[in-house]
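Asks: Here's a structure for you.
Just so you know, all these numbers are worked out from the coordinates, no wet-lab data involved. Note that the structure is a prediction, hence the values are computed from the model and not measured. Backbone-built Cβ (ideal geometry, glycine too); neighbour counts: all protein chains shown.
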Ligand code: IDP
Ligand code: MG
């Protein structure tokens, strides 16, 4: 059975462009409940750790530098089938391929600066949530 939580970040490009409100509005209107949230900034070291799974990819350096370039909003979201439904809501990694109306189609600049993160599995949702939040920062 699939889990009911996922983890997201509004990335530095979307924060800098003033889209925090629009993105959170769309997330909530799509049936997700925010159970944890913070406005924060990743150091290059923390961004590198978060994306360690991509360390062999050619874009890793660029990704780490982008994700530590400015503040982000990190959040844990709750909904039935959260991981899959949220990936649908954000759209494809490359906004040129993202379905119309998805968050990335509306707000992403390009394949790197693509507005939002969404966990790709229940296991990673749990790992990523505990990377950013203590148990005392999660409210049901
Ligand atoms: P996802 O965010 O849709 O799960 P992943 O393949 O897990 O996509 O890649 C993680 C992040 O790395 C992407 O969201 C994007 O910011 C960045 N990224 C992925 N592919 C590229 C690329 O080809 N060039 C630059 N950045 C990329
Ligand atoms: Mg991914």
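Asks: How big is Rg to Rh over region 79-140, alpha-carbon atoms, Rh as the Kirkwood inverse-mean-distance radius? Walk me through the numbers on the way to the answer.
Replies: Details: Rg = 13.1 Å, Rh = 12.6 Å.
Using only Cα positions, Rg/Rh for region 79-140 is 1.04.
Asks: Once Rh is set to the Kirkwood radius over Cα pairs, what Stokes-Einstein translational diffusion coefficient, in µm²/s, holds for region 1-92 at a temperature of 20 °C and a viscosity of 1.002 mPa s? Can you show the working numbers first?
Replies: Details: Rh = 14.1 Å.
Result for D is 152 µm²/s.
Asks: Largest first and to the nearest Å, give the Cα extent of region 46-101 along each principal axis.
Replies: 32, 26, 22
Asks: For the pair residue 44/residue 127, report the inter-label distance in nm, with labels modelled 7 Å from Cα in the Cβ direction.
Replies: So the two model labels end up 2.4 nm from each other.
Asks: Over all Cα pairs of region 36-140, how is the pair count split among 5 Å bins, expressed in % and running from 0 up to the last occupied bin?
Replies: 2, 12, 19, 23, 25, 14, 4, 1
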